[in-house]
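A.B. asks: Following this message is one structure expressed as structure tokens.
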Amino acid sequence: VKAGVPEPKIPGLDRVEVPAYVYDLGEVRRAHALLRAALPEPSRVFYSLKANPHPAIVRTLNELGCDAEICSPGELAAVLEAGVTPDRIVYTGPGKRDPEVAEAVRAGVRWFSVDSPVGLDQVDRAASAAGRDVRCLLRVNDASQVPGQGLAMTGGPSQFGADADWVASEPAAFRTRLAGLHLFGGSNLDDEPALVAQFRAAIATARRLAGVLGLEPLLLDLGGGFGAPFARSGSLPRFATLAGRLADLLDDGIPGWRAGRPAIAFESGRYLSGTCGSLLTRVADVKCSHGRWVVVLESGINHLGGMSGMRRLPPIVPDLEVAAPDREALRGAIVAGPLCTPLDTWARSEDVPAVRPGDLVRVPNVGAYGLTASLLAFLGHPAPREVVVDAGRIVEVSQLGLVRRVLGGPDGRT
Ligand SMILES: Cc1ncc(COP(=O)(O)O)c(C=O)c1O
């Protein structure tokens, strides 16, 4: 556990009620420049809103030239609110509902990533009904998994994509409106050789399937998986030679990519937004229980790490940075949140700075998969504030709210 100073002096931040997420747009720009430098030109970068749909972050990335990858009506609303034009959006995800596809088509979204012939048919129906020209990427579940992925999403039974072998054996089932392929192997790779291996496999599969399908793709989305530190201090991994190595792979496998036919795209969520955000929260209680220190914070898995609470990610073992690092550490402490469930525990045995009730603590690098990936509604605590900072100044403070709308009465009609 590192100890440090809670947050650089930002005028007015001490008046914002905590818990609060603080997002620094300067860091978003820096992350974008690093990622751009690691990718070959020409290529597009889609920002995956699932990492953080805050409109200020989306708007900043859009101004830098990022397109947007979305997968829900809420993300569609966020991306449009941020001013992204619909021609720069790709709508992805399994299990889309007919009304959401229709709404996206009406809003002007032209690219959909689909996972099966049912998904292709769904987009086709929505496009025909609206009289719109819409194109599909077929998401492909590759035959094998590339080692090194934090969260593998290919190479095994999955709701994501159509198996490469299925596409190869029944190409006719996949041709409607198909204008490209989408491969997303997995996420959170901070090792350059693992990224190269993943993209090599994606390019080989794209090439093979384009041949089988008789497809001249307009867009080839090779996925991403660029890693970033989460709830730990540390900086973004650098991929010093990735751009050159990817350009070589593309030269070998995808003729025409340098002329933009197909356009090559990459996706990133956590690399672009992870390091811009930190969570400020307070220590509610410190006590000793059965010989163990227990630190109870005002934030738990409701503010950070709902997915870890559901055991879908490894437990969060955050760095807690405090203002008074000189006090002796609490050894092997339990770090818990305020929820009435034993699952609301960030760490079960950590050395924690000797915090006291009322102390402000800071969890660094939680700009991605922070607030909106948490169990926000569980037990009814208010959402943390979200503070957007740019050039050392607060530009906006907001708070997500949950409002129950009554839609119908006893007869069930709405
Ligand atoms: C299709 C797709 N694109 C992009 C992402 C974003 O991944 P990351 O935030 O690791 O960049 C994911 C994550 O699950 C994904 O499934």
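A.B. asks: How big is the charge dipole of region 205-286 about its Cα centre, in debye rounded to the nearest 20, if each Lys and Arg gets +1 on its Cβ and each Asp and Glu gets -1 on its Cβ? Display every interim value, and only then the final one.
C.D. replies: Details: 9 positive and 7 negative charges, 34 e Å.
I would put it at about 160 debye.
A.B. asks: Please work out the average accessible area per residue across region 180-299, using the 1.4 Å probe convention, and give it in Å².
C.D. replies: Working: 4420 Å² over 120 residues.
Using a 1.4 Å probe on heavy atoms only, each residue of region 180-299 averages 37 Å².
A.B. asks: For region 120-214, report the translational diffusion coefficient in µm²/s to the nearest whole number, using Stokes-Einstein at 20 °C, 1.002 mPa s, and a Kirkwood Rh over Cα pairs. Could you put the intermediate results ahead of the total?
C.D. replies: Details: Rh = 14.2 Å.
Translational D for this selection: 151 µm²/s.
A.B. asks: Of R292, R44, R245, which is the most mobile in a GNM of the chain whose springs link Cα atoms less than 10 angstrom apart?
C.D. replies: Among R292, R44, R245, the largest GNM mean-square fluctuation belongs to R292.
A.B. asks: With a Cα-only, solvent-free Debye model of region 63-120, what are the log10 I(q)/I(0) values at q = 0.12, 0.26, 0.31 Å⁻¹?
C.D. replies: -0.25, -1.09, -1.49
A.B. asks: So, counting K/R as plus one and D/E as minus one, what does the shell of residues with Cβ under 13 Å around D121 add up to? Provide the component values of the computation, followed by the final result.
C.D. replies: Values: positive: K96, R125, R175, R177; negative: D98, D115, D124.
Taking every Cβ under 13 Å from that of D121, the sum is +1.
A.B. asks: Run the helix sum for the chain: -39,500 (n - 2.57) per DSSP H stretch of 4+ residues, divided by residue count, reported at 222 nm to the nearest 500 deg cm²/dmol.
C.D. replies: Numbers: 10 runs with 103 residues, N = 414.
Calculated mean residue ellipticity at 222 nm is -7500 deg cm²/dmol.
A.B. asks: Under the definition of Cα pairs under 8 Å and six or more residues apart, what whole-number percent is the relative contact order of region 190-315? Don't skip to the end; give the middle numbers.
C.D. replies: Details: 118 pairs, mean separation 30.1, N = 126.
For region 190-315, the relative contact order is 24 percent.
A.B. asks: Take the Cα atoms of region 221-292, find their three principal axes, and give me the spread along each one in whole Å, biggest first.
C.D. replies: 65, 19, 18
A.B. asks: Normalise the Debye intensity by I(0) for the chain, one equal point scatterer per Cα, no solvent, then take log10 at q = 0.07, 0.13 Å⁻¹ and round to two decimals.
C.D. replies: -0.36, -1.13
A.B. asks: Then there is this: Expressed as a fraction of 2.2 N^0.38 Å, the rule-of-thumb size for a compact globular protein of N residues, what is the C-alpha radius of gyration of region 67-189? Walk me through the numbers on the way to the answer.
C.D. replies: Working: Rg = 14.6 Å, N = 123, 2.2 N^0.38 = 13.7 Å.
After normalising by residue count via 2.2 N^0.38 Å, the value is 1.06.
A.B. asks: Compute and list, largest first, the equivalent-ellipsoid semi-axes of region 329-414 from the alpha carbon gyration tensor, each √(5λ) rounded to a whole angstrom. It would help to have the intermediate numbers written out before the result.
C.D. replies: On the way: eigenvalues 217, 96, 23 Å².
Sorted largest first and rounded, they come to 33, 22, 11 Å.
A.B. asks: Please report the relative contact order for region 318-414, taking Cα pairs under 8 Å with a sequence separation of at least 6, and give it as a percent rounded to a whole number. Walk me through the intermediate numbers first.
C.D. replies: On the way: 106 pairs, mean separation 21.5, N = 97.
It comes to 22 percent, rounded to a whole number.
A.B. asks: As an exercise, find the ratio Rg/Rh for region 17-58 from alpha-carbon atoms, using the Kirkwood inverse-distance average for Rh. Please list the in-between numbers first.
C.D. replies: Numbers: Rg = 12.9 Å, Rh = 12.1 Å.
That ratio is 1.06, to two decimals.
A.B. asks: Right, something else. So what is Rg over Rh here for region 166-315, counting just Cα atoms and using Kirkwood for Rh?
C.D. replies: Details: Rg = 21.5 Å, Rh = 18.7 Å.
Result for region 166-315 is an Rg/Rh of 1.15.
A.B. asks: Given a 1.4 angstrom probe, I'd like the percentage of the accessible area of the chain that is carbon and sulfur, rounded to a whole number.
C.D. replies: Numbers: 9560 of 18160 Å².
Summing carbon and sulfur atoms, their accessible area is 53 percent of the total for the chain.
A.B. asks: Please report the relative contact order for region 30-124, taking Cα pairs under 8 Å with a sequence separation of at least 6, and give it as a percent rounded to a whole number. Before the final figure, lay out the partial values.
C.D. replies: Working: 108 pairs, mean separation 20.9, N = 95.
RCO, region 30-124: 22 percent.
A.B. asks: State the Kirkwood hydrodynamic radius of region 195-254 in Å, one decimal place, computed from all pairs of distinct Cα atoms. Don't jump to the answer; show the numbers that get you there.
C.D. replies: Values: mean 1/r = 0.0750 Å⁻¹.
Final number for the Kirkwood radius of region 195-254 is 13.3 Å.
A.B. asks: Taking the inverse of the average 1/r across all pairs of different Cα atoms in region 339-381, what Kirkwood radius in Å do you get?
C.D. replies: Values: mean 1/r = 0.0765 Å⁻¹.
Here the Kirkwood hydrodynamic radius works out to 13.1 Å.
A.B. asks: With no solvent and one equal point scatterer per Cα, compute the Debye intensity ratio I(q)/I(0) for region 2-89 at 0.15, 0.25 Å⁻¹ and report its log10, rounded to two decimals.
C.D. replies: So the normalised log intensities are -0.67, -1.22.
The values are calculated or read from the model by the stated rules, or taken from the named source; none is laboratory data. Keep in mind that this is a model prediction, so the values were computed, not measured. Methodologically, a virtual Cβ is constructed for each residue, glycine included, from the backbone with ideal geometry; neighbour enumeration extends over all protein chains shown. What goes into the accessible areas is simple: the full protein's heavy atoms, side chains included, and nothing from ligands, DNA or RNA. Shrake-Rupley method; radii C 1.70, N 1.55, O 1.52, S 1.80 Å.
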